[in-house]
1. Quick query: amide H of Gly234 versus all other amide H atoms, modeled in the peptide plane; which residues come in under 5 Å with a sequence gap of 5 or more or a different chain?
2. Calculate for the chain the 222 nm mean residue ellipticity that helices alone would give, adding -39,500 (n - 2.57) per DSSP H run of length 4 or more and normalising by residue count, nearest 500 deg cm²/dmol.
3. For a test of the definition: using alpha carbon positions, the gyration tensor, and the 1.5 limit on a/c, classify segment 41-199 as rounded, prolate or oblate.
4. Work out the P(r) tail for segment 146-236: percent of alpha carbon pairs separated by more than 15 Å, whole number.
5. Consider a paramagnetic label point 7 Å from the Cα of Asp128 along Cα→Cβ; state which residues of segment 66-80 have an amide N under 18 Å from it.
6. Among Gln162, Gln13, Gln305, which one shows the highest mean-square fluctuation when the chain is modelled as a Gaussian network with alpha-carbon springs under 10 Å?
7. Provide the percentage of antiparallel DSSP beta bridges, counting only those with both residues in the chain; round to the nearest 5.
8. Please sort by residue number the GluC sites (Glu not before Pro) in segment 194-241 whose DSSP state is loop and whose Cβ has at most 14 other Cβ atoms within 10 Å.
Amino acid sequence: MKRALGLGEIMVQMNPTEKGALRFQTLFERHVAGSEANTIIQMQRMGVECSFLTAVGADEFGKVILSSLRSEGVNTHGVVEDRSNPTGVYFVQRSYPVPNKTMVFYYRKDSAAAHFGPENLKDEHFVDLDLFLVSGITPALSDSCNQAALKSIDLAKKSGAQIAFDTNIRINVLKTRDYAIKVLEPFVRKADILFTGAGDMAMLFGNDSEVARAKIIEMAESARIIVFKKGSDGVEALVDGKEYSMPSYKVPVIDELGAGDACDGAFLASYLQGNTIEDSLRFANVAGAITVSLKGDIEPLPDWQAIETFLNVHGAGEKRLLR
Ligand code: KDG
């Protein structure tokens, strides 16, 4: 069995029952979500043995997060329960002011996860590892998180694991281009597998998409694989200099949050388990499509059976019975 380890913040997500401006929402569903945790759970559901490093508050929401990870079978030995700082929370605003687009409002400053640091890493977390993954959100949370992410990469590389990194820029935390480059460049340079998208590349290198693409390829000096996520336009990949492209599946968009993480997780799980790049990109698109069509980041993440069902029915349309 392949083994993966992720590092990041996992928060309580308050997702309103209705679309529209947050100020008018009175009813919320409580979910849990966080980019790297979403990716790790996607991988676990597709048969990779996963562990997660983070900190949660020693509070009610921390308990919800721990039990969510454990119920998925994710190893939580590296999760710190912090008695001094709370679990992070964020609120979702769907389809306002831009229809079908989701905005988030964080209550995560000084959260337990933001206090995670290199002192919380143990050699045993990195034994027998095939893949370590982190995204651009985590090093932007605090200096200690940045140090923990950099040290994790060193430990993972020493243990022979591949490094997956998603630029995953959140303008709420990485406010300016200069700061985004300063924080993300070391990670882009060290990644073996890099995920990015048009918005992130524009934030880093400007609006000329050809120039931005060339610059990130140049910066990703260790990457064997670069996956370019294009949302409803599908995914592209550059692997050992060869280009691949896979169109997306057209589905109704309910909540686009978590789709990129699902895409990363499905690609990584499939690729690690020996599937071709084409198939791995196809499964990544399926995971993204299923995730945007439902609320919550984690609940929709498909296992192999769900991916197969989606592909069978999608190919055959109304000719295939589901019940
Ligand atoms: O990718 C979805 C995540 O962005 C969301 O769940 C919240 O992790 C999160 C973040 O930091 O924005």
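Readers should treat all values here as calculations from the given coordinates under stated rules, not as data from a laboratory. Note that the coordinates shown come from a computational prediction; the quantities given were computed from them, not determined experimentally. Reconstructed Cβ throughout: ideal geometry from the backbone, glycine too, with neighbour counts over all protein chains shown.
1. When sequence neighbours closer than 5 places are left aside, the close amide H contacts are Ser248.
2. Working: 10 runs with 120 residues, N = 323.
Mean residue ellipticity, 222 nm, calculated: -11500 deg cm²/dmol.
3. On the way: a/c = 1.41, a/b = 1.12, b/c = 1.25.
Rounded is the answer for segment 41-199, as its axis ratio a/c remains below 1.5.
4. Details: 2424 of 4095 pairs.
Across segment 146-236, Cα pairs with separations above 15 Å total 59 percent.
5. Flagged as within label range: 73-78.
6. Gln305
7. Values: 22 of 51 bridges.
Here the share of antiparallel DSSP bridges comes out near 45 percent.
8. The qualifying sites are Glu221.
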